[in-house]
Amino acid sequence: KAGVTQTPRYLIKTRGQQVTLSCSPISGHRSVSWYQQTPGQGLQFLFEYFSETQRNKGNFPGRFSGRQFSNSRSEMNVSTLELGDSALYLCASSLGPGLAGDSTDTQYFGPGTRLTVL
Amino acid sequence: AQSVTQLGSHVSVSEGALVLLRCNYSSSVPPYLFWYVQYPNQGLQLLLKYTSAATLVKGINGFEAEFKKSETSFHLTKPSAHMSDAAEYFCAVSGLLGGYNKLIFGAGTRLAVHP
């Protein structure tokens, strides 16, 4: 099976712009989660989607939003970019709640999108 | 609330030496525990996971970890380090609280392997 894919891999934006990142989960996975990775804050949970519904959200401002489509692909959007939004954004997919045989709903990560805000 | 502490942000070992990366967790519910590895400019790769089926868990690339409830630890070990093991390692906990699948990560440990 193909792994989690994320596009684009690299992105450069300027302050005030908005950006959309895309994630395609592993085939058959219905849950998609997003994480932000920075040197200062480490890996932080942004949100999780399952069956096109946001099930959980991390402690990020409303400028960060996302959605999931009927084919389980997901996008995240960041509006009014700030310098501090420069980070590696990681997408992870999993089968979904109660669908994994060992009940862990293990998450598998994509390669990430490196966003640089100038 | 759940949390993870990784002791030692940097660990350096000689090739062929034992690798020991420490992870302690805090969780109010039975935890699921994971170790992920990140190579430069890449995403996270799952090394192994604890699901309560067995306290000693074997993963990929010769790594294993032992869950010790009394010590709230889940340390990662490998008997003999290889140069290709140089990477950053993350311990994570998930209790599937409220049915939500959210990983809480430690700060990471960067492993250096020298000849």
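The values are calculated or read from the model by the stated rules, or taken from the named source; none is laboratory data. If you're wondering where the values come from, they're calculated on a predicted model, not measured in any experiment. Neighbour counts are summed over all protein chains in view; Cβ atoms, including those assigned to glycine, are modelled from backbone coordinates with ideal geometry.
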Restricted to segment B:10-55 and to residues being of a type in the set (S, T, N, Q) and in contact with an Asp or Glu (Cβ under 7 Å, 6 or more places away or on another chain), the residue modelled with the highest pLDDT is B:Gln38
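Could you please let me know if B:Thr51 is among the β-branched types (Val, Ile, Thr) and either more than 14 Å from chain A (Cβ to nearest Cβ) or closer than 25 Å to A:Gln36 by Cα (or both)?
Working: among the β-branched types (Val, Ile, Thr): yes; either more than 14 Å from chain A (Cβ to nearest Cβ) or closer than 25 Å to A:Gln36 by Cα (or both): no.
When the stated conditions are applied, B:Thr51 does not pass them.
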Every listed condition ((1) in contact with a strand residue (DSSP E or B) (Cβ under 7 Å, 6 or more places away or on another chain); (2) free of Cβ contacts under 8 Å to residues at least 12 places away in the same chain; (3) not in a strand (DSSP E or B)) holds for B:Gln42 save (1)
**OP:** For B:Ala107, state whether it is in contact (Cβ under 8 Å) with a residue 60 or more places away in the chain, within 10 Å of chain A (Cβ to nearest Cβ) and not in a strand (DSSP E or B).
**Re:** yes
*asked:* For segment A:27-37, check the following and say yes or no: at least one residue is in a strand (DSSP E or B), over 10 Å from the mean Cα position of the chain (by Cα) and modelled with pLDDT of 95 or more.
replied: yes
- prompt: Out of curiosity, is B:Phe34 in contact with a Lys or Arg (Cβ under 7 Å, 6 or more places away or on another chain) and not in a loop (DSSP other than H, G, I, E, B)?
  reply: yes
Flagged pairs (Cβ under 6 angstrom, 6 or more apart or on separate chains; first in segment A:70-97, within 26 Å of B:Pro40 (Cα to Cα); second of a type in the set (Asp, Glu) and outside any strand (DSSP E or B)) are A:Val78/A:Asp85; A:Ser94/A:Asp105
Selection over segment A:1-37 where residues are among the aliphatic types (A, V, I, L, M), surrounded by 16 or more Cβ atoms within 10 Å (Cβ to Cβ) and within 18 Å of B:Gln45 (Cα to Cα) yields a count of 3
Scanning segment B:54-76 for residues that are more than 14 Å from chain A (Cβ to nearest Cβ) and surrounded by fewer than 14 Cβ atoms within 10 Å (Cβ to Cβ), the one farthest from the chain's Cα centre (by Cα) turns out to be B:Ser70
Counted residues in segment A:38-50 being buried (at least 16 other Cβ atoms within 10 Å of the Cβ) and hydroxyl-bearing (Ser, Thr, Tyr) come to 1
